[in-house]
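Take a look at the structure set out below.
The values are calculated or read from the model by the stated rules, or taken from the named source; none is laboratory data. Everything numeric in this text was worked out from a predicted model, so none of it was measured. Ideal geometry is used to build each Cβ from the backbone, glycine not excepted, and the neighbour counts take in all protein chains shown.
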Amino acid sequence: MVGASVVRKEDPALLTGRGTFVDDIRLPGTVHMVFVRSYLAHARIVSIDTAEAARLPGVLGVWTHADLEGLPATRSVPGMERPCLATGKVHFVGEPVAVVVATDRYLAADAAEAVVVEYEELPVMASIAAATAEGATPILDGLPSNVVLEQQLSATDAEAELAAAPHRLAFALVNQRCAAVPMEPTVCLSDWQSSGLTIWGTSQTPHHMRNEIAQMFGLSQQEVRFVAPDVGGGFGAKASFYPEFLLTAELSRRLRRPVKYVETRSENMTSMVHGRAQQHDVEVGFDDEGRLLALRVRITQDCGGWPDATGIGLPTLTSFMSGGCYRIPTIAPSFRSVVTNTTPVGSYRGAGRPEASYMIERVVDHVAAELGMDPLEVRRANFVQPGEMPYATQFEGIVYDEADFPGCLDKLLEHVDYEALRTEQAALRNDPEAPLLGIGFSTFVEMGGFGPTPLFEQFGYVGGWESANVRLNVDGSAVIKVGTSPHGQGHQTAFAQIVADQLSVPFERITLIHGDTATVQEGIGTMGSRGVPVGGSAVFKAANKVRDKAIRIAAHMLEADESDIELADGRFSVRGAPQQGVDMAEVAVRAFKPHLLPDGFDLGLDETAFHEPSNLSYPSGAHCCVVEIDRGTGKVRIRRYVAVDDCGTVINPLMAKGQIHGGVAQGIAQALIEEVTYGADGQPGAGTLVDYTLPSSKDLPRYETDHVVTPTSFNPLGAKGLGESGATAAPQAVVNAVVDAMGHLGVRTIDMPCTPQKVWRTLNAALASQSESAHQNGS
Amino acid sequence: MSHHKVRITVNGTAGEDEVEARQLLVHYLRETRALTGTHVGCDTSNCGACTVMVDGRTVKSCTVLTVTADGTDVLTVEGLDEEGEMSPVQKGFQACHGLQCGYCTPGMVMSATGLLLEQPDPDDDAIREGIEGNLCRCTGYDMIVDSVRWAAAHGGAGTAATAHAAHAEGS
Ligand code: FES
Ligand code: FES
């Protein structure tokens, strides 16, 4: 079944309104928590008056940090831990200052309005520039400045190599702040009983949350149960720990009732971690043939008001991937992480790798423009070749697995008549009524299948492995339990496909249990494209253990040698004697009959396996975007988008296509539409879906997809993961196309998002300077 | 806050409830009627996750006060089933992988159903136009468009929605 486009098992419930999202869960006696949030970006809290709020109907209580003495802070870099409610100071608009609990959400919201907070305003630093300016006030207490981490990840700063290169080019790039915007905001429901605490929450990492909460409350892990039921999208942002998990738990303990919190969208926009938010200063040295000789990247990461445990690691990942799919003799990345009066920054689809990919893919286009070469030729001159795989980069532990970078590009060009497009482009340039045509490429590599443990520990997780348990019931049906916890990825279906193949059990007779720490013993979670490569590999291994054991039982039943047993169509038979056989259910029943098995046989068919990836996997690919720019309005229309991806083994082509589409959509949106902005006063310019534009069905094109399959040898399935590829590949394909469309006018760069206004201005500035120089030449 | 009596039929079942004047229809459906298929994704009528059909027309139930829905006939995603079978639109979404996390899906399915009631055979542009008010963060929309086209070719809006619309027309 692996490789078949089966439709998803999870769909009927979701399609008929019978899925279970956290806010759908009803416990008798549930009360509702609402936050009082800061409307200022940086201020000292002078006083909080809760008296009037506490008197309102339905209100069970109002709490500030002072009322919750001893409640621990959220884990981060030591010295930068975030308290669950602001203590003394607020760091960004939307930071929780107090909580209200009432019998109904409307009453709780009324009461939150009645809480009066007196602030004394502090200087606001809502940008990297402001936070790093001379004399800037440190936002985090006890630190000397807002630069909280600085690191050089290479032995050299590459100055000598840059100076020695025949050509040298410097430019700056902005990877703007984006919001993940899962359609379901953060929701949690805590029920603290004498037997322990149960939390239902919108999380990608239930076991991680369980561990954190148990530690924070000094409970043993068996006393805390974290359940992530259906989760309405996560995109990395639901991997972070949020104060509401802790607060609903604590208030449930105090009130002896279940406490629910449902974030509104406008709260979500300022409260859920944002992504990207990096600035790059790039210098590249190259020769006449376009070969890259040296690359220096200085990354500045905006961390927001509190450094997030994952967010603080983003520039490391960007640094590791800064060479892209190219052989560059010297790469010198360094970064600094800056705290600003904005929403904290954490992981968002691709987390750190899209930033690298955007940077290096803009570099090759810059080099091409400088030399007057075709951007594809520059790519070809620099690709790491398939014969060089696995390819050890200069960064310890970053070893690209099997891949065929030039092969992906060749496959892409089978779909795109490049020459015809260039001819059309030239023709359209000469027609002032016609749109400008631009062709952009992205040949990328990213990281998937996150682990191994030493790397993943750095992000606060127990390990980088994943766990799975496969159980055969006595009727021959199977149950899988996994530690990955999906939020749209289709694990029910993909993992059932894997088990169906290994155990020859019909797909319909396999179910999956996930996202509940009471039923799944251990797990890490779903992020970093680790579902199939790591989770799926654990499932594969557990299924094989069950299979091996079942074969031993079948051999005993058939009085044959184990090596002669074959399993096909749910039936074990003896090689060469196909009429002699037993079916899966008979074997499963026999597994529980000690008197009919060899002495000391371990009963049952129930096996657990872990998969610790020996390395990350490295999905790669080649994407092409063709855009048309309206000369009058600057509006960019995507005419074609073609994606060739190499994610190794494809478990389910239908779902793979869906993942690529979704990722590409987010990448296109970053290139053209999305940006979280702040005023100088730290007020968010994007606080709702009115002012933060998500792409609708009319903003996005059709996508054409294809695959190159180079299985990775780093896991038994050969799968590399692809959840993040689209978002990693697309932004530069689009921006390269936009720049290409205006390249003949001397345009070399434009910052994302390429809004009509920005494109129109760039275009007209280029036209103006062109006519000016023509004028000067003529006079 | 004043309270009002409302009579609302939801998926064929009549109900009489006392609601607060400010209560939104989406909360009435989810809390009072315990029909949690209809979702909330924004505060601003932008996302469409809460789309239901009121008297045969699709509306965003987060923008409707329950009191103004007094006397209406509401169809939610739970009402699209045809004797335990999914409607053509629901089947189309499964066949064409038109959903991932499934959170936008009930609203998307209702909008698609409403579109097919009005235009039984929409082309791709018409489909994109018809679901423009429903945001999906997972799929990138392509396969949703395929899903709706599949439904158009396999029975359209379906009998439950068609009956609901006809009933609304007749009343
Ligand atoms: S919740 Fe109604 S449109 Fe978003
Ligand atoms: S399927 Fe997740 S938002 Fe549409």
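Some points to look at:
- Listed conditions (1) buried (at least 21 other Cβ atoms within 10 Å of the Cβ); (2) polar (S, T, N, Q); (3) away from ligand 2 (no atom under 16 Å from the Cβ) are all met by A:Asn268, apart from (3).
- The stretch A:519-533 - residue that is farther than 17 Å from A:Phe459 by Cα and in contact (Cβ under 8 Å) with a residue 40 or more places away in the chain and, of those, nearest to the chain's Cα centre (by Cα): A:Gly531
- Pairs where the first residue, in the stretch B:61-80, is away from ligand 2 (no atom under 16 Å from the Cβ) and the second is of a type in the set (Asp, Glu), C-beta under 6 Å, 6+ apart: B:Thr72/B:Asp55; B:Asp73/B:Asp55
- Subset of the stretch B:99-117 (residues that are within 18 Å of B:Glu129 (Cα to Cα) and within 6 Å of ligand 2 (Cβ to nearest atom)): B:Cys104, B:Thr105
- Residue in the stretch B:7-28 that is modelled with pLDDT of 95 or more, small (Gly, Ala, Ser) and either within 11 Å of ligand 1 (Cβ to nearest atom) or closer than 22 Å to A:Val31 by Cβ (or both) present: no
- Count - residues of the stretch A:101-114 that are β-branched (Val, Ile, Thr) and either part of a helix (DSSP H, G or I) or surrounded by fewer than 22 Cβ atoms within 10 Å (Cβ to Cβ) (or both): 1
- Those strands (runs of 3 or more DSSP E) of the stretch A:603-676 in which 1 or more residues are surrounded by fewer than 22 Cβ atoms within 10 Å (Cβ to Cβ) and within 14 Å of chain B (Cβ to nearest Cβ) occupy A:636-646.
- Helices (runs of 4 or more DSSP H) completely within the stretch B:56-152 that count 2 or more residues being within 28 Å of B:Asp17 (Cβ to Cβ) and at the interface with chain A (Cβ under 10 Å from one of its Cβ atoms): B:105-118
- Looking only at the stretch B:43-55, and only at residues there that are more than 10 Å from every other protein chain (Cβ to nearest Cβ) and buried (at least 24 other Cβ atoms within 10 Å of the Cβ), the one that is nearest to ligand 1 (Cβ to nearest atom): B:Cys50
- Residue satisfying all of: in the stretch B:14-38; at the interface with another protein chain (Cβ under 8 Å from one of its Cβ atoms) and more than 16 Å from the chain's Cα centre (by Cα); surrounded by the fewest Cβ atoms within 10 Å (Cβ to Cβ) among these: B:Arg22
- Selection over the stretch B:88-104 of residues that are within 15 Å of the chain's Cα centre (by Cα) and within 16 Å of ligand 1 (Cβ to nearest atom) gives a count of 3.
- 1 or more residues within 14 Å of chain B (Cβ to nearest Cβ): qualifying strands (runs of 3 or more DSSP E) within the stretch A:154-273: A:167-179, A:187-193, A:196-201, A:259-262
- Qualifying position, being in the same structural domain as B:Pro120 (by the TED database), under 18 Å from A:Met183 (Cβ atoms) and within 16 Å of ligand 1 (Cβ to nearest atom), among B:Gly37, B:Gly107: B:Gly107
- Criterion applied to A:Leu56, A:Leu60 was being more than 30 Å from B:Met110 (Cβ to Cβ) and either within 14 Å of chain B (Cβ to nearest Cβ) or among the basic types (Lys, Arg) (or both), and the one residue passing it is A:Leu56.
- A:Tyr703 being within 14 Å of another protein chain (Cβ to nearest Cβ) and of a type in the set (Ser, Thr, Tyr): yes
- Just so you know, in the stretch A:276-311 the residues that are under 29 Å from the mean Cα position of the chain (by Cα) and of a type in the set (Lys, Arg) include one that is farthest from A:Leu169 (Cα to Cα), and it is A:Arg276.
- Restricting attention to the stretch A:461-479, the residues that are buried (at least 24 other Cβ atoms within 10 Å of the Cβ), more than 10 Å from A:Gly523 (Cβ to Cβ) and hydrophobic (A, V, I, L, M, F, W, C) add up to 3.
- Any hit, the stretch A:149-158, residues being in contact with a helix residue (DSSP H, G or I) (Cβ under 8 Å, 6 or more places away or on another chain) and crowded, with 17+ Cβ neighbours inside 10 Å: yes
- Conditions (1) more than 14 Å from chain B (Cβ to nearest Cβ); (2) surrounded by 15 or more Cβ atoms within 10 Å (Cβ to Cβ); (3) of a type in the set (S, T, N, Q); (4) out of contact with any Lys or Arg (no Cβ under 9 Å at 6 or more places or on another chain); number of the one not met by A:Thr693: (1)
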